[in-house]
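One structure is given below, encoded as structure tokens.
The values are calculated or read from the model by the stated rules, or taken from the named source; none is laboratory data. Keep in mind the model is a prediction, meaning the values are calculated, not measured. Note that each Cβ is placed from the backbone with ideal geometry, even for glycine, and that neighbours are counted across all protein chains shown. In case anyone asks, the SASA skips ligands and DNA or RNA and just uses the protein heavy atoms, side chains included. Shrake-Rupley method; radii C 1.70, N 1.55, O 1.52, S 1.80 Å.
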Amino acid sequence: QLIMVRRSADESQKTTHRTMNGREVLVFPVEQSLPPPESLRELNVRMTWRDIPFERFELQGWHQTLISRSTAAGQHKAVVRLRQRDLPGLSAIRPASAPDMQRWLGTTDLIKPDDDRIRETAQRIAGQQRDALKAVQALSRWVFENVEGRLIAETLSGPEVLKRKVGKCSEYATLFASLARSIGIPTRVALGERLVGNQWMGHMWNEAYVGDWIPVDASANQIGGGCDLLKFIHSDSVHGTQPLRWDLTNSLELQVESFERVAPR
């Protein structure tokens, strides 16, 4: 939570600033040398934490499998396998109409599919394309090309990102979700880690339903996930992911157990 306080010029000179450590922003170093994520076929990651039940996590996904879990003396352990996975064979027609998808099409505090500019922009990008996967690919590419990655203090709504064209990972997620939902593509917000160089970094992206739930990280125009995205939870809103995110800062540790390279062709 970010708290803004108004101060006079004199008072501001006496303000002390709190520095957040790596755990608080869910940044963890990788203690072994890894090839680039695109060169990996599989990556096994061990998670350890305390005091948070497994039921609060969503560790299964399109490219992610929970392969073991245990609890002893209050400490939880899970090993998650990440893998490269191809997309062919998926198909769904938009707009989605199934009752169980309505939660993932709705308006939240930051995701605004009913905004006129959001709807007009999404329709212009997707055109008459009814194939949900092709529409997702077009939306992700447009967001990636038109939003400037910038670390900002606030979290912007989808329409605000569309207007300002800047933001961090959460802004890419709120804009993409707003656009996709506005044209009938069920979309979730995912929270977890992204492998960047030699460290895991706290990250937010989307999952879209295109016949199955697939990861969509518009900040990198990456569709289908891979060995660089480790999901902890998904929600219909940004704020729905945050209680787990803050609880994890108390004890989470990550360690790469093993990896397998893509076989040479």
Checklist entry - Does the range 131-248 come out rounded, prolate or oblate by the C-alpha gyration tensor, with a ≥ b ≥ c the root eigenvalues, rounded set by a/c under 1.5 and, if not, prolate when a/b is larger than b/c and oblate if not? => result rounded
Checklist entry - Between rounded, prolate and oblate, where does the chain land on the alpha carbon gyration tensor, with a ≥ b ≥ c its root eigenvalues, rounded for a/c under 1.5, else prolate if a/b exceeds b/c? => result oblate
Next on the checklist: Are there any GluC sites (Glu not before Pro) in the range 129-208 that are in a DSSP loop and have at most 13 other Cβ atoms within 10 Å? List them by number.
Outcome noted: Glu154
Checklist entry - Rounded if a/c is under 1.5, else prolate if a/b is larger than b/c, else oblate: which is the range 180-265, with a ≥ b ≥ c the root eigenvalues of its Cα gyration tensor? => result oblate
Checklist outcome for this item: Accessible-area order for Phe57, Phe259, largest to smallest, probe 1.4 angstrom, reads Phe259, Phe57
Checklist entry - How do His239, His234 rank by accessible surface area computed with a 1.4 Å probe, from largest to smallest? => result His239, His234
Checklist outcome for this item: Mean-square fluctuation maximum in Gaussian network of the chain, Cα pairs under 10 Å, restricted to Pro243, Pro88, Pro215, hits Pro88
Checklist outcome for this item: Sorted by chain and then number, the residues having a modelled amide H within less than 5 Å of the amide H of Val262, at least 5 places away or on another chain, are Leu40, Arg41
Item to check | Within-14-Å neighbourhood charge of Pro35 [Cβ basis; K, R +1; D, E -1] | outcome: -2
Checklist entry - Ignoring ligands, DNA and RNA, what percent of the 1.4 Å accessible area of the chain is carbon and sulfur? => result 46
Item to check | GNM top mover of Asp115, Asp86, Asp100 - the chain, alpha-carbon springs below 10 Å | outcome: Asp100
